[in-house]
Amino acid sequence: MSEAILSLRDLDKSFGALHVTRKVTLDVAPGEVHALIGPNGAGKTTLISQIAGSLRPDSGRVIFAGEDVTHLDAPSRAQRGLARVFQISNVVDSFTVLANVVLSALATETTAWWGWGVAMKDPGLRERAFYALDQVGLVERAPDQAADLSYGERRALELAMGLVQNPRLFLLDEPMAGTGREESRRLTELLRTLKGRTPMLLIEHDMSTVFALADRVTVLVDGAVAITGAPDVVRADRIVREAYLGEGEAA
Amino acid sequence: MNASLLALQALNGLQYGMILFLVAAGLTLVFGVMDFVNLAHGVQYMLGAYLTASFVARFDNFALGLAAGLAAALALGVLLEITVFRILTRRSHLEQVLGTFGVILVVTDALRLVYGPAPRSLRMPEALAGAIPLMDGLMYPLWRLAIIAAGLVVALALWLLVAKTRVGMLVRAGSTDRETVSALGVDIERLFVLVFVFGALLAAFAGAMAGPLLSIEPTMGDNVLILAFVVIVIGGIGSIRGAFVAALLIGLVDTLGRAFATDVLKLVLSNATASAAGPAIASMLIYVLMALVLVARPAGLFGGNGSS
Amino acid sequence: MIAAAAFRQDEPLRRPLRDAALVLAALAAAILVAWAMGNAWWLSFLARVAITATAALSLSYLIGQAGLVSFGHAAQVGLGAYVALIAGEYGVSDLTLLAPLAFATAALWSAITGALALRTRGVYFIMLTLAFAQMAYFIMQSLSRFGGDDGMALARRATLLGAPILKTDLGLALAALALLAAALIGFVWMTQTRYGLVLRAAKENESRALASGFRVFRFQLYAYALAGGVAALAGVLLANQAEFVSPSYMNWHRSGELIVMVVLGGATSLPGAVIGAAVVLIIEEALGHWTEFWKLGLGLVIVAAVLLRGAALSALLGRTRR
C-alpha cells in the first residue's frame with residue numbers, strides 16, 4: 001500500500017465557542033479522487049483552508065507528500081505541489097487567460113524574481129501555459145480577459161493554473177457551484193480526464209458529480225468525520241442518510 | 001527631577017492625551033463606521049480653536065464665545081460634509097486621501113487669508129484661570145484639570161452611547177457589516193452623517209479647549225492629525241476604547257519623553273551628546289511605540305473589524 | 001474592471017515606451033529651448049520638473065503596480081537630500097559615491113518601515129507610511145548639527161568623477177533629465193518582467209497570488225525599497241538644485257503633492273506621472289505669481305479634480321490596496 005499523498009491527523013480548530021473541526025483524520029491515496037461531502041455548516045471550507053495553509057489549526061497535523069506542513073504558510077504549500085481551486089472563482093480578472101496561467105507557471109519556476117525578458121513572451125512559459133490550457137480546453141480563450149469568462153470557464157482556468165504547476169494534489173472547493181447543467185457536465189468530464197493522473201480532494205454538494213468521480217467519500221458532519229468509504233457504501237449508510245442525504249439531494 | 005515635577009509632567013501628559021482622545025474618537029468612528037479616510041479632521045480641530053478665539057474676543061465672554069465658536073465650526077463641518085465628504089465616502093481610499101488633502105490645503109490657506117499667519121491667542125475664562133495645589137510643591141492649572149475632567153466625561157458618555165443605546169449599537173454594527181445594517185432598513189446615510197457630525201463636534205471642542213494652551217496658527221491642524229492617526233493605529237480603527245487607551249498612552253509617553261529624555265540620556269551619555277540626541281529621541285518615541293504595538297498586533301490593541 | 005488598455009498582454013511595452021519617449025523628448029526640447037534663449041529661470045524650473053517627476057514616477061510605480069499608497073514618499077526624497085548634505089559636510093560630494101549612498105539609505109529606511117507597514121492593509125498602511133515620514137521629519141528637525149528646522153546650505157554642488165557637471169544650470173537640467181529617463185524606462189520595462197507580472201497580480205488579487213505560491217510580502221517590500229531608492233536619487237539632485245536642504249522636504253504636504261501628481265497623470269500610467277508633476281508644478285508657479293495663497297487654489301483644483309473626474313478616475317486608477 002503506497003503512502004498517502006495527504007494525511008490529516010486529528011485536525012482540530014475552534015473559533016471561540018464554535019468548534020468547527022473536530023479531530024479530523026483523513027487520507028488521500030495517490031491517484032484517487034476523494035470526495036468530501038456534508039451538510040452546510042459542516043466545516044468543509046474551513047477544513048480545506050487548513051489543508052491549503054490559509055488557516056492554522058489549533059492542533060493536529062497536516063502531512064503532505066510525506067512532509068509535515070502544518071506550520072508552513074500557503075505559498076510554501078503551493079510550491080510543494082498543493083493546488084487549490086477556490087469556491088468563489090479566484091483569478092486575476094484584469095489579466096488574460098494566458099497571463100493567469102503564465103503567472104501560475106512562474107511560481108514553481110523559482111525565477112519570478114529575475115529575468116529581464118518580457119514575461120508574457122517567454123517561450124518556455126508560454127509552452128507550459130498552452131499545454132495546461134489545452135488540457136482544460138481553453139486554448140481558444142487564451143487572449144481573452146479572465147473577467148469575460150463564464151463560471152465554468154473560470155473553474156477550468158483555475159484548474160489550468162493548478163495543472164501548469166504539476167501539482168501533487170488538487171484541492172477543489174465546490175467546483176460545480178454556480179455552473180449551469182451543461183457546464184457542470186463539461187467540468188465533470190474534464191475532471192474525469194484528470195482523474196488518475198493527479199489526486200484530488202473534492203468538496204461537492206452535487207451528488208451526481210461525487211458519485212461519478214469519487215473513488216472514496218468522506219462525510220463530514222458538524223466538523224467531524226462521520227464515515228469514510230467507497231461511494232456505494234457511504235450512500236447506503238444509515239447515519240449518512242439521516243444527517244445528510246435525508247436533507248434532500250442538492251440540485 | 002523630583003516627585004512633584006514627575007507628577008506635573010504626568011498630569012500634562014494626561015491632559016494632552018485627553019485632547020488627542022477627543023480628536024481621535026471622532027476620527028476612529030469615521031474610519032471604522034464609514035470607511036472614510038478623513039485627513040481633513042485636523043481642520044475641524046483648527047476651526048474649533050480659531051472660531052472660538054474669534055467669538056470670545058468678539059463677545060468678551062468665554063461661555064458665549066465657546067458656544068458660538070463650536071456652532072460655527074460645526075456648521076462649516078456640515079457644509080464640508082454635504083459638498084465634499086458625502087461624495088468621497090463612496091470612492092476609493094486613494095480618492096479620499098486626495099480629496100481630503102485638497103480640503104486641508106483650502107481651509108488652512110483660507111484661515112491664513114482671513115486671520116493672517118501670526119498666531120492668535122485665546123484667553124481662558126477667569127474662573128478657571130488659576131491653579132490649585134495638588135501636592136507639595138505642585139500648583140496645577142485649573143484649566144488643564146478641566147480638560148482632563150472633560151475628557152473623562154466625554155469618554156464615559158461615549159461609552160454609554162455606544163454600548164447602551166440603540167444608535168450606538170447601530171454604529172457598532174455599521175462598522176462591521178454595512179450591507180446587513182442597510183438591508184435591515186436603517187438609513188445608513190443618516191447614520192453616517194450623525195457619526196461625522198459628532199466626530200466633528202468633538203474635534204472642534206478639543207480645539208477650543210486646547211486653544212488657551214497653545215498658539216493658534218494655521219499648522220496646528222496638521223500636527224494633531226498625525227498624532228490622531230498614531231492613536232488610531234495603536235488603538236485600533238473603530239474602537240473608542242482603543243482610542244482612549246492609546247491617546248492617554250501617547251500623551252504620557254510623548255510628554256514625559258520630551259521632559260525627561262535628555263536627563264535620562266545624561267545618565268549614560270556625555271552631556272553634549274545627550275543634549276543633541278535627547279530631542280531627537282523624544283520625537284521618535286511615539287513612533288517607536290506604534291511600531292512595537294504593530295509588531296505584536298497588526299490591527300491595533302483593540303482593533304480588528306471595528307470592534308468597540 | 002480595470003482599464004486593461006494600459007497593459008495589453010500582446011504588445012505590452014509599445015504604448016508605455018512610446019509615451020515615455022514622447023514625454024522625455026518634450027522635456028528635452030524645452031530644456032534646449034530654454035538654454036538657447038539663455039533663460040536661467042526656466043532651466044532651473046525644468047530641472048525641478050524633471051527631479052520632481054522622478055520622485056512622482058517612483059511613487060506611481062508603487063501605487064499603480066504594487067497597489068501601495070504611500071503617504072510618506074517625500075521622506076524618501078528628503079533622505080536623499082540629507083545624504084547629499086551630510087556627506088558633503090564630511091567632504092564627500094561625488095555622485096559616484098552619493099548616488100549609491102543615498103539609494104542604500106532610502107532602501108534601508110524602506111526595509112525597516114516597510115517590514116512593519118506591509119503587515120497592515122488599507123487605511124492602516126496609508127497612515128503608517130504617513131506616521132513614519134513624520135518621524136523622519138521630526139528627527140531631522142531636531143538635529144541642529146545639520147540645520148534643524150531652518151535647514152542648511154549645501155557645501156558645494158556635486159561632481160561626477162571629479163567633473164563639475166552640475167555647476168551650470170544646463171548641466172543640472174540635463175542630469176535630472178538623464179535620471180528621469182533612466183528611471184522611466186527602467187520602471188516601464190519592469191512592469192513586463194516576471195517580477196512585474198507577479199506584483200500586478202498581487203495588487204489585484206492577493207489571495208490568488210498567495211495560493212499560486214508567491215510570498216507577496218517580499219515582492220512588495222522589494223518594490224517599496226526600490227521606489228524609495230529612486231526617490232532618494234531625485235533627492236540628491238534636489239539638494240544640488242536648491243543648494244539647500246531642510247526638513248520641509250519631508251513634510252507630508254509634499255507627500256500629498258506627489259500623490260496628486262501621480263493621480264493626475266493616471267495612476268496606472270508611468271509616463272503620466274511625469275505629466276502630472278509638470279502640471280502641478282506649473283499650476284503652483286502660476287498661482288504663486290498671482291497670489292500668496294496659492295495653496296488654496298491648488299487645494300480647490302485637487303478637490304474639483306477628485307469630485308468631477310469621478311468614474312473616469314476610478315477606471316484609470318485600478319484597484320489599490322483597500
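Here are some notes:
- Tail weight of P(r) past 28 Å, computed on alpha-carbon pairs of chain C, percent: 38
- Whole-number Å³ per residue for the convex hull built on Cα positions in segment A:93-166: 78
- Tensor-based shape of segment B:260-304 (alpha-carbon gyration tensor, a/c under 1.5 rounded, otherwise prolate or oblate): prolate
- GNM on chain A, alpha-carbon springs under 10 angstrom: the most fluctuating residue among A:Glu127, A:Glu189, A:Glu204 is A:Glu127.
- Number of partner chain Cβ atoms within 10 Å, mean per residue of B:220-229: 3
- When every Cα-Cα distance of the protein assembly as shown is counted in 10 angstrom steps from zero, the calculated P(r) takes the values 2, 11, 19, 21, 19, 14, 8, 4, 1, 0 percent.
- With R₀ fixed at 22 Å, the C-beta to C-beta distance from B:Ala129 to B:Asn223 puts the FRET efficiency at about 0.30.
- Between the C-alpha center of segment C:203-254 and that of segment B:1-48 there is a gap of 30 Å.
- Of B:Ala127, B:Ala68, B:Ala150, the one that fluctuates the most in a GNM where chain B has Cα springs shorter than 10 Å: B:Ala127
- The distance linking segment C:62-96 with segment B:225-286 is 25 Å (Cα centroid to Cα centroid, whole angstrom).
- For the residues of B:25-32, the average number of beta carbons from a partner chain within 10 Å of their own beta carbon is 1.
- Among the trypsin sites (Lys or Arg not before Pro) within segment C:39-137, those in coil by DSSP and having at most 14 neighbouring Cβ atoms inside 10 Å are C:Arg121.
- Reported value for segment B:185-308: 125 Å³ per residue, from the convex hull of its C-alpha atoms.
- Value in Å of the Kirkwood radius, where chain A supplies the Cα pairs that are averaged: 18.7
- With the largest listed first and rounded to whole Å, the semi-axes of the equivalent ellipsoid of segment C:118-210 from the Cα gyration tensor are 35, 26, 9.
- For chain C, a Gaussian network of Cα nodes joined below 10 Å ranks C:Ala74, C:Ala234, C:Ala201 by mean-square fluctuation, and the top entry is C:Ala201.
- Interface burial in segment B:46-93 reaches 50 Å² or more for B:Arg91, B:His93, comparing the full protein assembly with the chain by itself; accessible area from heavy atoms with a 1.4 Å probe.
- Accessible surface buried once B binds C (1.4 Å probe; total of both sides; Å²): 4300
- Nearest-10 value in Å² for the accessible area of B:Asp222, using the 1.4 Å probe: 30
The values are calculated or read from the model by the stated rules, or taken from the named source; none is laboratory data. Computed from a prediction, not measured in an experiment: that's the story for all the values here. Backbone-built Cβ (ideal geometry, glycine too); neighbour counts: all protein chains shown. Ligands, DNA and RNA are excluded from the accessible area calculation, which covers all protein heavy atoms including side chains. Shrake-Rupley method; radii C 1.70, N 1.55, O 1.52, S 1.80 Å.
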